[in-house]
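Asks: Sharing a structure below in structure tokens format, with a few things to ask.
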Amino acid sequence: MNSSHPVRAWYAGRIPPDDEIIARAEKADDHGQVLYDHNAASNEGEYADVVKGLYGMMDTLKRTPQEFRTWTEEDGYETFLTALFDFGPTDMRDRVQILQQAGSFKFRQVDTPDDKKAKISAVFADPEEEDLKARHSAQARKLSGVWAPQDGTLLNSVILQPAQVGRILSDRLNPTNDTPFKVIGHSFADVHSETLKPLAKTKTVAYERGSEIHLVTDVAPILANWDADSSVFGGCENVTLLETLLLHELVELVLDESQPDLDPQVCHIIASTFERYLKSTALSVAVEDFFLTWPNLSVAELEERRDAELARQLTAASAFLGEEDFPDEDVDDLDDLPLDTFKPTAGKKSSKVRKKTSGGGERKPTEKTPGKKKVVKKKKRPPS
């Protein structure tokens, strides 16, 4: 791995993934599949049309930004500040260091050190407003009063003039630009889920290194499902969540090329600010949904589970049909076993014997009782 190009990842958590975690997952996936190669003769690849669409989209943003969304300076400061809150450190001193890297503070000449400290503290103090958006708006106004992004930087364009971001990104994607650029997809289909769990813990779905954007391809269908609902979050309706994810990484790629000394965490916050200009927080919500079920079990794991289940069933069957459930084969004398004997109950006759004809006549003969004529004895008359 080239140390001059550290990994700059898209992650939904506060802590970025360690480079070793990404390297281990990437190696297990055999370094992925090239989805787009900007320097290939025909720019062929599964994502060729997607990248071509990004180029046209950023060219439109450059020429007619009103087709995307209404954006004021206050919107820019507020969006940047909320990204800092969500993805930056929680300690105020560390937050100030990020602001110093991304811009510069501006104070009046008469401000004492205590005055400066009080103004900075006021930016991060919780305002009295109960509504979260109102609180962030109040904090953003205080931030704009004491701090500004550096002129000519990409962050300055994101906050103050997104059309300039369109110009920068469209120039980078222009077919006449011969600077290397690739999109590489990772399906991780044959990678053990235990190898991917550290990646899932940080909720990482993409990363940029050098001139390459790497993407967890399983996230694409989930993002497509969320596109129909992403309009409720605000932002630009004519941009998909997959395009937003790729543009986020493209911003980090450009920052790596134009400001290589910028800390990756700062790059992530700047790229997240532009991402939220495009789709507000919709991408973060969709990715949270994705990680409810990812990583998937690999083919090898599925086979292992099937084999384990088959072994369990065989063990259960063997226990059920084991020899202990049968009598011993050498038993040869059954004379001493108690046997039930049948004794007919006295005084009861067969129902067949008791049957009579409907006219009350003679009893019908049966097989067991052959028919006999009934002899009627005449009574002797007494002597007269």
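Asks: For the stretch 291-300, state whether one or more residues are surrounded by 23 or more Cβ atoms within 10 Å (Cβ to Cβ), among the hydrophobic types (A, V, I, L, M, F, W, C) and at pLDDT 90 or above. Reasoning before the result, please.
Replies: Taking the stretch 291-300 and keeping what is surrounded by 23 or more Cβ atoms within 10 Å (Cβ to Cβ), we get none.
No.
Asks: Next question, about the same structure. Which residues, counting only those in the stretch 241-282, are under 22 Å from E78 (Cβ atoms) and charged (D, E, K, R)?
Replies: E252, E275, R276, K279
Asks: Cβ-Cβ below 7 Å, separation at least six or inter-chain, first residue in the stretch 199-221 and closer than 24 Å to S258 by Cβ, second part of a strand (DSSP E or B) and among the aromatic types (F, W, Y): which pairs?
Replies: Pairs that qualify, where the first residue is closer than 24 Å to S258 by Cβ and the partner is part of a strand (DSSP E or B) and among the aromatic types (F, W, Y), are T204/W10; T204/Y11; A206/W10; Y207/W10; H214/Y207.
Asks: Which numbered condition trips up K197, out of (1) surrounded by 17 or more Cβ atoms within 10 Å (Cβ to Cβ); (2) farther than 24 Å from D37 by Cβ; (3) among the basic types (K, R)?
Replies: (1)
Asks: Okay, next question. Test each condition in (1) closer than 15 Å to W147 by Cβ; (2) not in a loop (DSSP other than H, G, I, E, B); (3) not β-branched (V, I, T) for F107 and report the one that comes out false.
Replies: (2)
One line per residue, one yes/no per condition, for (1) of a type in the set (A, V, I, L, M, F, W, C); (2) touching a Pro at 6+ places or on another chain (Cβ under 8 Å):
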{"position": "E46", "(1), (2)": "no, no"}
{"position": "D49", "(1), (2)": "no, no"}
{"position": "K52", "(1), (2)": "no, no"}
{"position": "M58", "(1), (2)": "yes, no"}
{"position": "R63", "(1), (2)": "no, no"}
{"position": "F68", "(1), (2)": "yes, yes"}
{"position": "E74", "(1), (2)": "no, no"}
{"position": "T79", "(1), (2)": "no, no"}
{"position": "L99", "(1), (2)": "yes, no"}
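Asks: Turning to a different aspect of this structure: Answer with yes or no whether A282 is hydrophobic (A, V, I, L, M, F, W, C), touching a residue at least 24 places away in the same chain (Cβ under 8 Å) and surrounded by 15 or more Cβ atoms within 10 Å (Cβ to Cβ).
Replies: Numbers: hydrophobic (A, V, I, L, M, F, W, C): yes; touching a residue at least 24 places away in the same chain (Cβ under 8 Å): yes; surrounded by 15 or more Cβ atoms within 10 Å (Cβ to Cβ): yes.
Judged against the criteria, A282 is a match.
Asks: Right, F80: under 30 Å from T176 (Cα atoms) and of a type in the set (F, W, Y) or not? Give the derivation first.
Replies: Working: under 30 Å from T176 (Cα atoms): no; of a type in the set (F, W, Y): yes.
Judged against the criteria, F80 is not a match.
Asks: Scan the stretch 83-103 and tell me whether some residue there is touching a Phe, Trp or Tyr at 6+ places or on another chain (Cβ under 7 Å) and among the small types (G, A, S). Full working, then the answer.
Replies: Pass one, the stretch 83-103, residues touching a Phe, Trp or Tyr at 6+ places or on another chain (Cβ under 7 Å): 92, 95, 99, 103.
Among the residues that remain, those that are also among the small types (G, A, S) are: 103.
Among the residues of the stretch 83-103, at least one is touching a Phe, Trp or Tyr at 6+ places or on another chain (Cβ under 7 Å) and among the small types (G, A, S), which makes the answer yes.
Asks: Condition first: free of Cβ contacts under 8 Å to residues at least 60 places away in the same chain, in a helix (DSSP H, G or I) and of a type in the set (S, T, N, Q). Can you find one or more residues in the stretch 249-264 that meet it?
Replies: No, that holds for no residue.
Asks: Only residues that are touching a helix residue (DSSP H, G or I) at 6+ places or on another chain (Cβ under 8 Å) and over 18 Å from Q161 (Cα atoms): list them for the stretch 48-81, please.
Replies: Passing the criteria: V50, V51, G53, L54, Y55.
Asks: Still on this structure, I have one more. Determine which single condition D151 fails, assuming it passes every other condition in (1) of a type outside the set (S, T, Y); (2) over 29 Å from the mean Cα position of the chain (by Cα); (3) under 23 Å from E73 (Cα atoms); (4) outside any loop (DSSP other than H, G, I, E, B).
Replies: Here D151 meets the rest and fails (4).
Asks: Is it the case that some residue within the stretch 18-30 is over 16 Å from L253 (Cβ atoms) and touching a strand residue (DSSP E or B) at 6+ places or on another chain (Cβ under 6 Å)?
Replies: Filtering the stretch 18-30 down to residues over 16 Å from L253 (Cβ atoms) leaves 18-21, 23-30.
Applying the additional criterion that residues be touching a strand residue (DSSP E or B) at 6+ places or on another chain (Cβ under 6 Å) yields 29.
The answer is yes, given that some residue of the stretch 18-30 is over 16 Å from L253 (Cβ atoms) and touching a strand residue (DSSP E or B) at 6+ places or on another chain (Cβ under 6 Å).
Asks: Right, here's the next one. Which number in (1) outside any helix (DSSP H, G or I); (2) surrounded by 18 or more Cβ atoms within 10 Å (Cβ to Cβ); (3) free of Cβ contacts under 8 Å to residues at least 12 places away in the same chain marks the one condition that E130 misses?
Replies: So the condition that E130 fails would be (2).
Asks: Buried (at least 20 other Cβ atoms within 10 Å of the Cβ), in contact with a Gly (Cβ under 6 Å, 6 or more places away or on another chain), closer than 22 Å to A271 by Cα and modelled with pLDDT of 95 or more, is that true of L215? If you could, list the steps in order and put the result at the bottom.
Replies: Details: buried (at least 20 other Cβ atoms within 10 Å of the Cβ): yes; in contact with a Gly (Cβ under 6 Å, 6 or more places away or on another chain): yes; closer than 22 Å to A271 by Cα: yes; modelled with pLDDT of 95 or more: yes.
Yes.
The values are calculated or read from the model by the stated rules, or taken from the named source; none is laboratory data. As the structure is a computational prediction, the values presented were derived from the model and not from experiment. For neighbour counting, all protein chains shown are included, and Cβ atoms are generated from backbone atoms with ideal geometry for every residue, glycine included.
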